[in-house]
Amino acid sequence: MSERMERPWALMRHHAGWADVFHIETESADSISGFYPDRETVGPAVTYSTRAVLARFPTLEAARAAREGAVAEWRKHDAGVRDAEVILREAEKAREDAWLKCLRDAAER
């Protein structure tokens, strides 16, 4: 058995800061097929490029534990992101104000 199939549980990106646990049933050199155990499965297995896999694990429990640990790590940065967003909004407002002032000054000449 290959190392890859010895680690049939994968984390797949769902959205920023969250990954879904995925069970790999079959794989080729460039694709994987399987299912999401935490979702109702309707229809055939889904297939993705192997590039969609963020990480692989030998058990469902290991994949879930890694996902939860990664969420905790993501959350450690929430305050810094909020602070940066405030600074970004202030910079965008200053840019907008400067642009409008430039246009208005030009119109008064």
Review point. Rolling a 1.4 angstrom probe over the protein heavy atoms, how many square angstrom per residue are accessible across the range 1-80?
Key: 65 Å²
Review point. Of all accessible surface on the chain at a 1.4 Å probe, what whole percent is carbon and sulfur?
Key: 57 percent
Exercise for review: Report LEU60's accessible area, 1.4 Å probe, all protein chains in place, as a number in Å² to the nearest 10.
Suggested key: 30 Å²
Check your understanding: Among HIS15, ALA45, ALA63, whose Cα sits farthest toward the positive end of the charge dipole of the chain (+1 at Cβ of Lys/Arg, -1 at Cβ of Asp/Glu, about the Cα centre)?
Key -> HIS15
Practice item. Report, to the nearest 10°, how far helix 60-75 tilts away from the longest principal axis of the Cα atoms in the chain, using its own Cα long axis and a range of 0 to 90°. Key: 10 degrees
Review point. Per 10 Å bin, what percent of the C-alpha pairs of the chain does each bin hold, from zero upward?
Key: 13, 30, 19, 13, 12, 9, 4, 0
Revision key, fill the gap. Expressed as a percent, the portion of alpha-carbon pairs in the range 17-56 spaced more than 15 Å apart is 37 percent
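The values are calculated or read from the model by the stated rules, or taken from the named source; none is laboratory data. This one's a predicted model, so the numbers in the text were calculated from it and none came from an experiment. Don't worry about glycine lacking a Cβ; one is built from the backbone with ideal geometry, like all the others, and counts go over all protein chains shown. Protein only, heavy atoms only, side chains kept; ligands, DNA and RNA dropped before computing areas. Shrake-Rupley method; radii C 1.70, N 1.55, O 1.52, S 1.80 Å.
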